[in-house]
Amino acid sequence: MIVIAIQQVQKIREGDGKVTVEIKQSEVQPKRELPRTADGKLDYERIIETPEFKRLIKKKNRFITPYVIAFFTIYLLLPILTGYTSILETRAVGWMTWTWIYAFGLFLMVWVFTQIYVKKARDFDKDIDQIIQTHIKD
């Protein structure tokens, strides 16, 4: 069993130009250690063969695929439009052409896609935790 000790600052005293910090040990909280195979590794092979894990992978792939297709399409469209057409060469704002706007938009797109994935990944993490608790017995 792994034990995690949490410490708290109890008092801070100042005097004679010195600062004294007293640390008080609080409750000790046990943390569950996952069972291991004979060679000491976690039994992930058993988990990845479960129907729940396979469903989670399919769900994750269904979520990611449209974003990957959109990213590569939009990303590869920039060199195609600048190399073979003159559509993006006209001025958009002041001296800036539409090529620059499109390129800056790519940064924005990556940031937005990342935020969407981070929020969705929290759900995936919850599903993984549930699968681990279901299939790894003490």
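The values are calculated or read from the model by the stated rules, or taken from the named source; none is laboratory data. Since we're looking at a predicted model, the values are computed, not measured. A quick note on method: Cβ atoms are made from the backbone with ideal geometry, for glycine too, and the neighbour counts reach across all protein chains shown. Protein only, heavy atoms only, side chains kept; ligands, DNA and RNA dropped before computing areas. Shrake-Rupley method; radii C 1.70, N 1.55, O 1.52, S 1.80 Å.
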Notebook entry, point to check: How about the stretch 64-104: which of its residues are among the polar types (S, T, N, Q) and open to solvent by 60 Å² or more (accessible area, probe 1.4 Å)?
Noted result: 65, 73, 86, 90
Check: Does at least one position in the stretch 4-14 carry a residue that is modelled with pLDDT of 60 or more and more than 18 Å from residue 129 (Cβ to Cβ)?
Finding: no
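Can you name the residue in the stretch 105-137 that is open to solvent by 100 Å² or more (accessible area, probe 1.4 Å) and of a type outside the set (Phe, Trp, Tyr) and, of all such residues, is farthest from residue 66 (Cα to Cα)?
Within the stretch 105-137, the match that is farthest from residue 66 (Cα to Cα) is 137.
Inside the stretch 72-118, can you point out the residues that are over 30 Å from residue 62 (Cα atoms) and part of a helix (DSSP H, G or I)? Walk me through it before giving the result.
Here is the first cut: in the stretch 72-118, the ones over 30 Å from residue 62 (Cα atoms) are 82-101.
If the condition is that a residue be over 30 Å from residue 62 (Cα atoms) and part of a helix (DSSP H, G or I), then 82, 83, 84, 87, 88, 89, 98, 99, 100, 101 are the ones that fit.
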Check: Hey, does the stretch 34-55 have a residue that's in contact with a Phe, Trp or Tyr (Cβ under 9 Å, 6 or more places away or on another chain), of a type in the set (Phe, Trp, Tyr) and at pLDDT 80 or above?
Finding: no
